[in-house]
Structure formats: structure tokens, C-alpha cells
1. Could you order 299, 236 by accessible surface area, starting with the largest, using a probe radius of 1.4 Å?
2. Using +1 at the Cβ of each Lys and Arg and -1 at the Cβ of each Asp and Glu in the stretch 1-105, identify which of 89, 73, 41 lies farthest towards the dipole's positive end.
3. Any idea of residue 21's accessible area? Nearest 10 Å², probe 1.4 Å.
4. Under unit Cβ charges (Lys, Arg +1; Asp, Glu -1), what dipole magnitude, rounded to 20 debye, does the chain have relative to its Cα centre?
5. Which distance in nm do the two modelled labels at residue 130 and residue 184 give, with both placed 7 Å along the Cα-to-Cβ direction?
6. Rounded to a whole number, what % of the accessible area of the stretch 169-311 do carbon and sulfur atoms account for, probe 1.4 Å?
7. Which of rounded, prolate or oblate describes the stretch 203-252 when judged by the alpha-carbon gyration tensor and an a/c cut-off of 1.5?
8. Classify the stretch 177-278: rounded, prolate or oblate, from the alpha-carbon gyration tensor (a ≥ b ≥ c, eigenvalue square roots; a/c under 1.5 rounded; otherwise prolate if a/b is larger than b/c)?
Amino acid sequence: MRGRSPGCFIGAPIAAKLLGHGPDDLFPYAQHDLKPVGPWTRVPDTPLLASLAPGAPPPKNVGTTLLVLGSDGPLGRDELLRLLYGGRVSLEVAFGAALLAIVIGVVLGATAAYFGGFVDSVISRFIDLVMAFPLLLFVVMIGYTVAGDRLSHVTLGVFPPGVLGLVLIIGLFTWFYPARIVRSELLSLRQQEFVEAATASGASDAWIIRRHLMPHVLPTLLVWGSIAIGTAIMLEAGITFLGAGIRIPTASWGTLLASTWGTVANPTGYSSTTFSPWPTILPTVAIFLTVVAFNQLGESLRSVLDPKAVA
């Protein structure tokens, strides 16, 4: 297998192994007049052109390879594998950003609710300040001016380029949701008798928050986290489409759309002779189905963990 991109989904490396090529392998004969071939097409299994002349036949004694969902554009990469490996990247960003937002939100929300007074006022005003920023515009600005170039090459040897940068950017500007959830939940719990009993027994503040209060908030955070993952997937696609997220050639659902239409700063002109609907429809459907699935998961968790709220 020529492709070397790592995958956390079992389907991506299995599909690459079965097809015999990777998501970044080029098949110059997988397009006709710069228009990508459609689904279930066999193309010559070679990265080299036999001739620079348009329409030249492929080299002799060359086998074929199957492109299940066709190619992604003039470069002739496998659209199915790009979708699978791109889904890995988009979900890495989504899970990482949601986890970071929850960690920051829990720390600040629990601190504000438990200690109250001046601490609560300062943290609450800070939450209001962050909420006042237009999220997408501010995230794109930070991605362009601060984090884009500095963090795009930080991978820790595990993540594709750009993932950690988007995790930090999205997580640092969505933490106020779980912070408000935790604060409101703990405000109603801190005066309960079991908290007073734990305080009277000499338990530390950190112990009370961790062992007596946070278990009551965990179900709500699980529901929010599942919905936040879907939101982060759309943010990744939107930020990348605006030109401040994952960079080509790394595959993500955002870059799959950007490679077809370009970015807002550098759009690709439409041409009826070279346009194919598949590179647009397939990642769009993947984003839609995944976001709906995580939202349904959140609704299911809410009905299981808090049946009274549903009733």
C-alpha cells in the first residue's frame, strides 16, 4: 500500500488495504479533461502519465485499481479513502475541542459556584465577555493571525498537521457553555445537607467538588459533549472553508469541500466542463449524517439520564 496516512478508524486502513492504495496516491487517468471520474470506476494503477499529450493512452502492462466513489478532482485521488481519513481528522478535532472545552468549563464553573462572592462575580463577567465575541469571526481571525502558521505543524507525532491548532482554537472559545452549565448546577447543590456534612467532617474543597458535586453534573456534561462534537465538526468544516483551518493536502471534510470550491479568500471558479457533483455531495452528506447522529445521541442520553426532563 503506497498511502502512509495513519487512521484511527478501523474502516480507513482496512479499505486502503483492500483497495491497494492510499488516500494521497495520485491516479492521473482518473479524470477526463480535468473532470473527475464517477463512482465505481476502474482506472490504470499508475501515478505516471505515458505522455503529456492530452488523451494519451496509459502505459502498457499496467493493472487497474477500483475507485469506489470516484476521484476527488484533477489529481485523481480516491474519494472514498479521502472521506474515511478526512472523517478521522474532523472527529479528532471535534472530540479534542469538546474535551478541552469541558475541562476548562468544569474548572471555572465549579470554582465560581462553590466559592461564590467575588470569585463568582469575576468568573461570571469573564464568561459574559467571551460569550459576547462573534465566535466564527473571532476563531477565523485567531486562526489566520496567531495560531495558523505556529500550530499547523505541531503534531506531537500522532495528529495530522493543523489538528491541534483547531482543537485549541475551538476549545478555547466554546468552554463557556459547560462553564455555565456547571455553575448553575452546583449553585443549587452547594447548600445541600450532604455538602455541609462533608465540610463539617473536614473534607477539602477540592474533594467535595470532585467526589460529591461533580457526579451530579456529569450526566448533563455528557449530553452537552455529544452535541458539542457535532457543532465542532461543522466549525472545522466552516473554518477550513474560510481558509483558516486544516490545510490541503491533509484530508478532512472541510478540505474536501475546499479542494472543490476553494476557500473564501481564494475561491475556485465554476466550470461546467470540469465540475462534478460527487466531491461536493459526498463530504456534505458525511457531515450531515454525523452531526445528526451525535445530536440524536445527545437526545438519547438526556432521555436515559434525566427521564423527568423529557416527560
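The values are calculated or read from the model by the stated rules, or taken from the named source; none is laboratory data. Because the structure is predicted, anything quoted here is derived from the model rather than measured. All Cβ positions, even for glycine, are placed from backbone atoms using ideal geometry, and neighbour counts span all protein chains on display. What goes into the accessible areas is simple: the full protein's heavy atoms, side chains included, and nothing from ligands, DNA or RNA. Shrake-Rupley method; radii C 1.70, N 1.55, O 1.52, S 1.80 Å.
1. 299, 236
2. Farthest along the dipole direction, towards plus: 41.
3. Counting only protein heavy atoms, residue 21 exposes about 0 Å² to solvent.
4. Result for the chain is approximately 380 debye, rounded to the nearest 20.
5. For the pair residue 130/residue 184, the computed spacing is 1.7 nm.
6. Carbon and sulfur atoms account for 64 percent of the accessible area of the stretch 169-311.
7. Taking the square roots of the gyration eigenvalues as a ≥ b ≥ c, the stretch 203-252 is prolate.
8. It is prolate, given that a/c is not under 1.5 and a/b is the larger ratio.
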